[in-house]
Amino acid sequence: MVLLGPTAVVNGAKTFQGAVRVLYSLQTNNAALERLRARQENPALQLHNMQGFLHRTGIPVGELDTLNIIHVTGTKGKGSTCALTERILRSYGFRTGFYSSPHLVHVRERIRISGQPISKQLFTKCFWEAYEQLEDTKDVHRGTMPSFFQLMTLIAFRVFLQERVDLAVIEVGIGGQYDCTNIIRKPWVCGITSLGLDHCSLLGDTMEDIAWQKAGIFKPGVPAFTVRQQPSSLTVLQQRAQEIQCPLRVCPELDQYESMVGPMSLGLAGECQRINASLALQLSYSWLQQHQAKRRGDGLSVSQAPCRPGAQAVTFQPSTAMLQGLRETEWLGRSQTLRCGPVTYYLDGAHTTASMQACVGWFTQETQQTQLTRGPGVKILLFNTTGERNSAALLKLLQPCQFDYALFCPNIIESATSSTAQHSISECEQHGLLARCTENQSKWQSLNAAEAFNDHHRHLVSNPGSHSLVFPCIHSALQWLGMAPPPPAGAQWSCRLPDRLTGAAHVSVLVTGSLYLVGGVLKHLEPSLQS
């Protein structure tokens, strides 16, 4: 018997709001910490449990073999690479499925059909089908239930099978070897984006450890592609590819394609996207070759290519559909620019050293161009981090941007004191999140104090980058910028648009450090995304 809360069922119908509420109940802090400990002690347990959960929802593992899957992992750029790949293949007219994480505005973003988040109706239907089967069988499985991400992955597989997509692009959650998406046994092609140190408590604290984990998605005879990597990382990838008998290729630079078709236009901004685009081209091309071979009845002969260390992928001439797909790719919160009157928001969820370096390069280039056309303006940082991120290292990378103000707030849409807060948290939890923001502010002030000291001794004029503020929520930070509705009555904070901003010709705001922060900002600036 499934026991549901009062908002899960209305007039006998299992609702979308109820599905979301139940889904988030699987993501409590205590449950997350318990699963983290279990994964550290027995990393293979999550994948083992995932096989059981899939069986309990009525989907044999072998049924996943019928999905034409492109499986992608990496540290930086895996979501962008998936988005580019999906858009290329959609340009050919295929009905695509796309599973990614995290979501920015609403949970349905994680599961897309032909580029669009699935409808509330489809999400509700597939959620309750899976959840009821899991609830009904948990007593004979020692009460085990999936985590938030495991359940979302189960729902994604169910959606793609029911909707009969032509192909599914699946982004790995964390790592690869033990990630719950690695229940996939027969992908058509695999990809590994740029590698770096992230989630070290789970994946290891060396580049070699990270590469070993990521290479866990390789399958025998299945073609795999990667981008240029550090030599130590590439060596591990090649060794694992040989052990698994997976033909691994290293992608060429994008300018090698451009030598045949001229300069390419990418829908995603930033120099790092050129690397992702090259990988997306190879993944798409490999999938298309195999699809055409299957239609001709030749089998998947492409996958039988020999595995040679250091083999380079062949450069081919991109088709018109490929160029269209690259040009028309959209991916919220990654090198995204959003103009709101005199304020331009630069949104990038960079949260690793490598991705922040790319973010700084993109933001610097964009704002320098703006200064050339519109004159000097004001630059503002809106920042937060979560988990085990090294805030000090990320903030140090942001220093050269010469921000006039630095704003810090938790990834809370509205404070717990707001009567309109949709998902308010306890005051105790908010206090902890604010303490982290205050720590980030202190780190920022220390960095700027040291810079000012050095500038003084070099007889330079220092930038007033020490102007920093902490806000209790995203709404209040945007209110300070003049870009949010007035605070509700009884709120414990007040704010005023700084005089310096009032007379500025233009204001550039970089929102970074966390995709969840970026998503919260987008909820305010683009309310239509929630529909």
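The values are calculated or read from the model by the stated rules, or taken from the named source; none is laboratory data. Just so it is clear, the model here is predicted, and its values are computed rather than measured. With ideal geometry, Cβ positions are generated from the backbone for all residues, glycine too; neighbour counts draw on all protein chains shown. With ligands, DNA and RNA removed, areas are computed over all heavy atoms of the protein, side chains included. Shrake-Rupley method; radii C 1.70, N 1.55, O 1.52, S 1.80 Å.
So Thr85 ticks every box in (1) in a helix (DSSP H, G or I); (2) among the β-branched types (Val, Ile, Thr); (3) touching a Gly at 6+ places or on another chain (Cβ under 7 Å) but one. Which box is left unticked?
Thr85 satisfies every listed condition except (3).
Taking interchain pairs and intrachain pairs at least six residues apart, which have beta carbon atoms under 8 angstrom, with the first residue in the range 90-102 and closer than 29 Å to Ser514 by Cβ and the second open to solvent by 20 Å² or more (accessible area, probe 1.4 Å) and among the charged types (D, E, K, R)?
So the pair list comes out as Thr96/Arg90; Thr96/Arg112; Thr96/Asp166; Gly97/Arg112; Gly97/Glu163; Phe98/Arg112; Tyr99/Arg112; Ser100/Arg112.
From (1) at pLDDT below 95; (2) among the aliphatic types (A, V, I, L, M); (3) buried (at least 22 other Cβ atoms within 10 Å of the Cβ), pick out the condition that doesn't hold for Val189.
(1)
If I filter the range 421-437 down to residues being under 17 Å from Leu469 (Cα atoms) and open to solvent by 50 Å² or more (accessible area, probe 1.4 Å), which single residue comes out as modelled with the lowest pLDDT?
Applying the filter and picking the extreme gives His431.
Would you tally the residues in the range 177-200 being in a helix (DSSP H, G or I) and either closer than 30 Å to His291 by Cα or in contact with a helix residue (DSSP H, G or I) (Cβ under 7 Å, 6 or more places away or on another chain) (or both)?
The total comes to 4.
Results for (1) assigned to a loop (DSSP other than H, G, I, E, B); (2) of a type in the set (Asp, Glu); (3) modelled with pLDDT under 90; (4) at negative phi, shown as yes or no for each residue.
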{"position": "Leu398", "(1), (2), (3), (4)": "no, no, no, yes"}
{"position": "Ser418", "(1), (2), (3), (4)": "yes, no, yes, yes"}
{"position": "Glu439", "(1), (2), (3), (4)": "no, yes, no, yes"}
{"position": "Trp444", "(1), (2), (3), (4)": "no, no, no, yes"}
{"position": "Ser466", "(1), (2), (3), (4)": "yes, no, yes, yes"}
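Within the range 480-525, how many residues are open to solvent by 50 Å² or more (accessible area, probe 1.4 Å), in a loop (DSSP other than H, G, I, E, B), at pLDDT 60 or above and farther than 27 Å from Ala350 by Cα?
Number of matching residues: 2.
In the range 98-112, how many residues are in contact with a strand residue (DSSP E or B) (Cβ under 8 Å, 6 or more places away or on another chain) and in a helix (DSSP H, G or I)?
So the count comes out to 3.
Being in a helix (DSSP H, G or I), closer than 15 Å to Ala156 by Cβ and either modelled with pLDDT under 95 or open to solvent by 60 Å² or more (accessible area, probe 1.4 Å) (or both) is the filter here, so list the residues in the range 113-128 that pass it.
Lys125
State which residue pairs qualify: first residue at positive phi and open to solvent by 10 Å² or more (accessible area, probe 1.4 Å) and inside the range 159-184, second residue at pLDDT 95 or above and not in a helix (DSSP H, G or I) in any location, beta carbons under 9 Å apart, and separation of 6 or more residues or different chains.
Arg164/Arg95
Residues being under 20 Å from Gln282 (Cα atoms) and either assigned to a helix (DSSP H, G or I) or touching a Cys at 6+ places or on another chain (Cβ under 7 Å) (or both): count how many of those fall in the range 243-253.
4
For Gly349, are the conditions met, namely being part of a loop (DSSP other than H, G, I, E, B) and modelled with pLDDT under 90? Don't jump to the end; show me each part of the working.
Details: part of a loop (DSSP other than H, G, I, E, B): yes; modelled with pLDDT under 90: no.
No.
Count, please, the residues in the range 202-231 that happen to be free of Cβ contacts under 8 Å to residues at least 40 places away in the same chain, open to solvent by less than 30 Å² (accessible area, probe 1.4 Å) and under 14 Å from Ile174 (Cβ atoms).
3
Out of the residues in the range 95-106 meeting the condition of being touching a helix residue (DSSP H, G or I) at 6+ places or on another chain (Cβ under 9 Å) and at pLDDT 95 or above, tell me which one is surrounded by the most Cβ atoms within 10 Å (Cβ to Cβ). I'd like the intermediate steps shown before the answer.
So the first thing to find is which residues in the range 95-106 are touching a helix residue (DSSP H, G or I) at 6+ places or on another chain (Cβ under 9 Å), and the list is 96-106.
Of the ones still in play, those that are also at pLDDT 95 or above are 96-100.
Working: Thr96: 24, Gly97: 28, Phe98: 30, Tyr99: 23, Ser100: 23.
Per the stated criteria, the residue is Phe98.
Just checking, how many residues over the range 139-150 are within 20 Å of Val20 (Cα to Cα) and outside any loop (DSSP other than H, G, I, E, B)?
3
Look at the range 316-338 and say how many of its residues are open to solvent by less than 80 Å² (accessible area, probe 1.4 Å) and at pLDDT below 95.
Summing the residues that are open to solvent by less than 80 Å² (accessible area, probe 1.4 Å) and at pLDDT below 95 in the range 316-338 gives 8.
Would you mind stating whether Ala350 is more than 25 Å from Phe471 (Cβ to Cβ) and touching a Ser or Thr at 6+ places or on another chain (Cβ under 8 Å)? Full working, then the answer.
Details: more than 25 Å from Phe471 (Cβ to Cβ): no; touching a Ser or Thr at 6+ places or on another chain (Cβ under 8 Å): yes.
Answer is no for this residue.
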